[in-house]
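One structure is given below, encoded as structure tokens.
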């Protein structure tokens, strides 16, 4: 079973891909060629923070409260995609732009 | 205001007197082959420092009729410490010689010199001129300077080994009067202190600035310098051997006593030198506890990798 | 007398069991004691009770850093000096933290809590205190960490904390990174004979950049990286590298709550009266070489992401 993830970020065309409930959204994005901002991969540093626009996510591991808060207002605002998975189809606004990566860089070098 | 590191804060230099016309042989060794920087020279002395040091000298060489360890210099925090330690040393019944700034050595503030119970001379001072880092103070490359590569190129003076006819009394003086801590000691089967490693500098890695071994009073056992890690020491050992330098029979080894990786070898005058890295992690705190070795474990203490004590290693070298 | 040691870091973790596995199996520390809220760890070559405490929390980051003083009267004096400096101070009674005596908690201008204490219970070196085993046992699990070496804490403006540590607690500043206006971006502060015990870098106040574990050789750092890779521990993009600042061999990685750790080897010593040797100054232009010597580049996440 998979759910659809739609990623959006101001100034970037949105992308969609499928994510299994047992994998993180960050990993599913990677597998589909999208490299999200990340550092600790353990829900601690906030590099992968994003806002949930639609749908529901699940926490595969705890997220650091400090990085889920809005730094000014303190209200709960962000999910950390390195430990978050999907509980439904979701629309997510990432805090930082993502990069694309080649999934098969050797194969891509073959002529034709 | 007491929250200050006080007293002896660093081992500064070793001063050797050598029967060496114009210091030719010793400069050839320590500067050109061992890889220290020459900070100053006058008609009497050469002043050398390790490349990572900013202070002007870690080794002072001067011409004397007979080879001898003249003194070991320690850097204090300030003049107040100098006065306090003068009082303490005199109160211990030891005569203290006062010297004005720049005497006998250049670049040094006023100093005191005295003879410890083991017979060696120490000099204490609060000020020493700086040459500055050879790699500079602005966005430096902390890399062994090009002109020193291929030599031992020590980073720092690490510690000095001394021999003493009564190691226990020497250690007690260093601890009780000068404020050194004991990181390790070797005791006989009946509990007599035979050897000790002493540290002073608010030091959390290293564990020794002075090493006391049993033997004749007043002599030097060895002088140790710091390298980054064992790999460096193994490679430097190749350069030393290629250069024909006499390497101690232990070769490179782990010294359990002091917890260093070490290589011992001899300068052209026969003085034992050591390159070491690592060291015992201990802090300058009254509750710090020393490692205790028993003499029956001496072989393993002096060299973990060798099966028996190298008897020559116990001899003083100057 | 004086502050004699950077003794321990108390880090917040969101899963205590995972933290225990990380700091023992991967980092190679000894688990000294634990309950359902905290775990205490010590490295092989330290004789005190702990060098790391992990405390269960709903966030990652630093709870406080512990420094040892070498005279009991220092605690009173430090508390008075910190109060006079306008800093919050509270007594920490015996028993609040296992394995150590009472202390005083001081909130630095950077909003980090610094606990000063005098007494630590002794557990001895891993090899023993009497005729010790010097090497690493073949049964050793995890990396060959010798000791906790230093920490880097993040704050918006390091200057007031640098001033306090130098003027009141007798730290020296060995190296610093400054912007073109001369403002401090990062400062490396020492209270012993090593290059840094406590460093300050840019970030939100009160946040944690990393704590570094010392090793005896570059070979042990390399072996440590292999362990991190085998254990699938997230590490900084550059893998093993050298810091231009301090000139040490290093790798950064993350614990299971995202707190940054470092394995490191270096021999830089800085003994002597604080302030006697002027600090090394790194300008912004050269900072990338200072941070990551081989790569001469700083990944954006390096200072952006703290816990």
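Can you tell me which residue among B:35, B:17 is crowded, with 23+ Cβ neighbours inside 10 Å, within 22 Å of residue B:161 (Cα to Cα) and either touching a strand residue (DSSP E or B) at 6+ places or on another chain (Cβ under 6 Å) or at pLDDT 95 or above (or both)?
On the way: B:17 fails: crowded, with 23+ Cβ neighbours inside 10 Å.
Only one candidate qualifies: B:35.
Considering only the stretch C:201-215, I want to know if a residue exists there that is closer than 23 Å to residue B:261 by Cβ, touching a helix residue (DSSP H, G or I) at 6+ places or on another chain (Cβ under 9 Å), outside the structural domain of residue C:107 (by TED's automatic domain parsing) and buried (at least 24 other Cβ atoms within 10 Å of the Cβ).
Yes, because at least one residue in the stretch C:201-215 is closer than 23 Å to residue B:261 by Cβ, touching a helix residue (DSSP H, G or I) at 6+ places or on another chain (Cβ under 9 Å), outside the structural domain of residue C:107 (by TED's automatic domain parsing) and buried (at least 24 other Cβ atoms within 10 Å of the Cβ).
Given the condition more than 27 Å from residue C:194 (Cβ to Cβ) and more than 9 Å from chain C (Cβ to nearest Cβ), answer yes or no: does some residue in the stretch B:282-297 qualify? Show your work before the answer.
Kept after step one, since they are more than 27 Å from residue C:194 (Cβ to Cβ), are these residues of the stretch B:282-297: B:294-297.
With more than 9 Å from chain C (Cβ to nearest Cβ) added as a condition, the list becomes B:295.
Yes.
Would you mind telling me which numbered condition in (1) closer than 23 Å to residue C:184 by Cα; (2) surrounded by fewer than 20 Cβ atoms within 10 Å (Cβ to Cβ); (3) within 14 Å of chain A (Cβ to nearest Cβ) residue C:281 fails?
Every condition holds for residue C:281 apart from (3).
Say whether the condition of being away from every other protein chain (no Cβ under 13 Å), in contact (Cβ under 8 Å) with a residue 60 or more places away in the chain, crowded, with 21+ Cβ neighbours inside 10 Å and touching a helix residue (DSSP H, G or I) at 6+ places or on another chain (Cβ under 7 Å) is met by at least one residue in the stretch C:143-166.
So far as the stretch C:143-166 goes, yes, one or more of its residues are away from every other protein chain (no Cβ under 13 Å), in contact (Cβ under 8 Å) with a residue 60 or more places away in the chain, crowded, with 21+ Cβ neighbours inside 10 Å and touching a helix residue (DSSP H, G or I) at 6+ places or on another chain (Cβ under 7 Å).
Output the residues belonging to the stretch C:280-307 that are under 21 Å from residue B:155 (Cβ atoms) and part of a helix (DSSP H, G or I).
C:289, C:290
With respect to residue C:297, determine if the residue is surrounded by fewer than 20 Cβ atoms within 10 Å (Cβ to Cβ) and either away from every other protein chain (no Cβ under 11 Å) or free of Cβ contacts under 8 Å to residues at least 12 places away in the same chain (or both). First the steps, then the outcome.
Numbers: surrounded by fewer than 20 Cβ atoms within 10 Å (Cβ to Cβ): yes; either away from every other protein chain (no Cβ under 11 Å) or free of Cβ contacts under 8 Å to residues at least 12 places away in the same chain (or both): yes.
Spelling it out, residue C:297 is indeed surrounded by fewer than 20 Cβ atoms within 10 Å (Cβ to Cβ) and either away from every other protein chain (no Cβ under 11 Å) or free of Cβ contacts under 8 Å to residues at least 12 places away in the same chain (or both).
Going residue by residue through the stretch B:106-128, is there one that turns out to be more than 14 Å from chain C (Cβ to nearest Cβ), surrounded by fewer than 17 Cβ atoms within 10 Å (Cβ to Cβ) and out of contact with any strand residue (DSSP E or B) (no Cβ under 8 Å at 6 or more places or on another chain)?
no
With the condition kept exactly as written, say whether any residue in the stretch B:252-275 is closer than 30 Å to residue C:71 by Cα, more than 13 Å from chain C (Cβ to nearest Cβ) and at pLDDT 95 or above.
no
Considering the stretch C:57-70 alone, what residues qualify as being more than 19 Å from residue C:190 (Cα to Cα) and either surrounded by 18 or more Cβ atoms within 10 Å (Cβ to Cβ) or away from chain A (no Cβ under 14 Å) (or both)?
Going residue by residue through the stretch C:57-70, those that are more than 19 Å from residue C:190 (Cα to Cα) are C:57-63.
Once the filter is applied, which keeps residues that are more than 19 Å from residue C:190 (Cα to Cα) and either surrounded by 18 or more Cβ atoms within 10 Å (Cβ to Cβ) or away from chain A (no Cβ under 14 Å) (or both), the stretch C:57-70 yields C:57, C:59, C:60, C:61, C:62, C:63.
Just a yes or no: is a residue in the stretch C:122-137 within 21 Å of residue C:78 (Cα to Cα) and buried (at least 20 other Cβ atoms within 10 Å of the Cβ)? Walk me through how you get there before you give the answer.
Kept after step one, since they are within 21 Å of residue C:78 (Cα to Cα), are these residues of the stretch C:122-137: none.
So far as the stretch C:122-137 goes, no, none of its residues is within 21 Å of residue C:78 (Cα to Cα) and buried (at least 20 other Cβ atoms within 10 Å of the Cβ).
Inspect the stretch B:58-71 for any residue being within 21 Å of residue B:284 (Cβ to Cβ) and either in the same structural domain as residue B:265 (by TED's automatic domain parsing) or free of Cβ contacts under 8 Å to residues at least 60 places away in the same chain (or both) and give the result as yes or no. Walk me through it before giving the result.
We begin by selecting, within the stretch B:58-71, every residue within 21 Å of residue B:284 (Cβ to Cβ); these are none.
So far as the stretch B:58-71 goes, no, none of its residues is within 21 Å of residue B:284 (Cβ to Cβ) and either in the same structural domain as residue B:265 (by TED's automatic domain parsing) or free of Cβ contacts under 8 Å to residues at least 60 places away in the same chain (or both).
The values are calculated or read from the model by the stated rules, or taken from the named source; none is laboratory data. Values in this document were obtained by computation on a predicted structure and should not be read as measured data. Heads up, the Cβs are rebuilt from the backbone with ideal geometry, glycines too, and the neighbour counts pull from every protein chain shown.
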